[in-house]
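Student: The structure follows.
The values are calculated or read from the model by the stated rules, or taken from the named source; none is laboratory data. Computed from a prediction, not measured in an experiment: that's the story for all the values here. A quick note on method: Cβ atoms are made from the backbone with ideal geometry, for glycine too, and the neighbour counts reach across all protein chains shown.
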Amino acid sequence: MKRIVMLLYKDILFDARVQREAIGLAEQGEEVFILCLKEFNTEPPFLHKNIKIERMSIFSKKYRQQLLNEPKENKKLSVKQKALSRIIRSPVIKLIKDLYSYHEFYLKCRSWLKEQQQQWDVMHCHDLNTLKTGIKLAKEFQAHVVYDSHELFNEMSGRNKLDRWYGYRLERKLLRDVDQLIVVNPYVAEEFKKQYGQLPEVTVIQNVPIYKEEDTCAIEDDYFRKKYRLKENDFLLIFQGGIDPHRGLEEILKAMELLPEHFKLVLVGNGRIKSDLEKAVLENGLANRVFFHEQVPASDILCYTKQADAGLVMYKNISRNNYFSTPNKIFEYLLAGIPAIASDHPGKSYIVKNEQTGICTEETPEQIAKAVLQIYENYDFYKNNCLQKREKYSWQKEKMKLVEMYRRL
């Protein structure tokens with residue numbers, strides 16, 4: 001039995017990948033301790049008797065609101081607040097703030113681990129923003145280091161030039177102390193190799209959700225249709241996840257204007273541009289066709305997904321991360337048995353196009369609308385392919401790769 005410390009620089013509540021990896025290891029008899037941020041007041045889910053979750057508040061994560069005394073959404077900042085906001089968002093100040101936040105996280109993790117007075121065997125670091133903390137703790141507690149790179153962190157949207165310059169140099173240095181590297185698909189593995197050359201042993205663990213035929217859902221089978229008063233012949237599209245920039249959501253709304261009236265859309269989640277999209281929906285007369293639903297826990301997401309007819313993943317090609325990433329929703333749509341309309345990028349097309357579980361296309365309103373109509377006209381073909389591929393893309397297979405990797409530590 002190993003005592004595994006999972007480090008996550010966000011809240012566990014909505015992180016499906018971390019939850020299922022922790023459960024997979026706990027089911028094999030390992031003890032898993034998840035140290036993460038507390039970003040929501042909601043209680044964390046019970047995952048397994050062998051899993052303990054410790055959530056931490058980081059003062060510097062809240063610096064912007066605390067310094068600005070920001071008003072509620074839809075209220076304007078004062079001239080003074082706007083000036084201060086620009087200063088805080090400058091690359092140098094942002095990097096300093098981030099480094100301070102990471103150090104605060106390290107100190108709190110270190111303090112908690114020392115209080116437990118136990119031997120720790122593995123520091124499992126989820127993404128680059130926990131890797132330095134994990135390596136420092138591993139050296140202190142004589143533990144192995146697993147680096148679980150959920151994406152190409154330095155290529156994420158929102159990372160400025162200084163972030164990337166510093167991040168690449170940091171990652172190159174820290175990889176020397178990593179025992180095992182986990183990535184989400186073969187394309188990300190290849191990008192790591194191109195960027196850094198020699199790597200620790202690499203394991204590809206795809207973002208396949210846990211799916212059970214006998215799962216019971218807390219919502220009715222026709223939940224969306226009742227909630228939004230949909231007609232029997234309405235064709236419901238879904239987007240689930242962060243409602244953030246560069247995910248093609250503006251183009252999806254414009255595509256809705258090109259589609260017939262019986263095509264409807266629900267966006268499940270929260271994010272930085274949600275209020276802008278809500279405003280656009282009202283301005284463009286889409287209020288009776290486009291709906292917004294609050295974010296739901298990762299453990300419940302498939303209950304909502306399977307109520308739609310098709311899913312959307314239209315990430316814009318603005319970075320290598322967007323281009324090579326395989327978001328959770330690609331597999332969530334497949335396992336829920338609904339076809340996908342996705343960006344024609346390697347990280348999406350190797351599932352959607354190669355397995356014919358949907359259509360890959362350009363991120364323009366015209367092409368999105370065209371792809372939706374193609375799915376609609378050939379619906380049984382794409383849906384049946386999704387159902388047939390469930391066994392091939394199962395979490396059980398991905399879990400065993402994780403378990404085998406841990407046995408090699």
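Student: For the stretch 127-149, give me the residue count where each residue is under 16 Å from Leu170 (Cβ atoms) and under 24 Å from the mean Cα position of the chain (by Cα).
Tutor: 12
Student: Among the residues of the stretch 89-114, how many are more than 25 Å from Phe192 (Cα to Cα), in a helix (DSSP H, G or I) and of a type in the set (Ser, Thr, Tyr)?
Tutor: Residues that pass the stated criteria total 4.
Student: Can you tell which of Ile210, Ile205, Ile301, Ile252 is touching a strand residue (DSSP E or B) at 6+ places or on another chain (Cβ under 7 Å) and closer than 30 Å to Glu190 by Cα?
Tutor: Answer to the selection: Ile205.
Student: Among all residue pairs at least 6 apart or on different chains, which show Cβ distances below 8 Å where the first residue, located in the stretch 286-302, is farther than 14 Å from Tyr223 by Cα and among the basic types (Lys, Arg) and the second is at pLDDT below 95 and in a loop (DSSP other than H, G, I, E, B)?
Tutor: Here the result reads none, with nothing in the stretch 286-302 linked to a residue that is at pLDDT below 95 and in a loop (DSSP other than H, G, I, E, B).
Student: Let me ask something else about it. Could you count how many residues in the stretch 243-296 are touching a Pro at 6+ places or on another chain (Cβ under 8 Å) and farther than 22 Å from Thr361 by Cα?
Tutor: 2
Student: Identify all residues within the stretch 209-237 that are modelled with pLDDT of 95 or more and part of a loop (DSSP other than H, G, I, E, B); write none if there are none.
Tutor: Tyr228, Arg229, Leu230, Lys231, Asn233, Asp234 - these are the residues of the stretch 209-237 that are modelled with pLDDT of 95 or more and part of a loop (DSSP other than H, G, I, E, B).
Student: Taking the condition of being more than 22 Å from Tyr393 (Cα to Cα) and out of contact with any strand residue (DSSP E or B) (no Cβ under 6 Å at 6 or more places or on another chain), how many residues in the stretch 231-242 meet it?
Tutor: 4
Student: Any chance the stretch 16-31 includes a residue that's part of a strand (DSSP E or B) and either touching a strand residue (DSSP E or B) at 6+ places or on another chain (Cβ under 7 Å) or crowded, with 18+ Cβ neighbours inside 10 Å (or both)?
Tutor: Yes, that holds for at least one residue.
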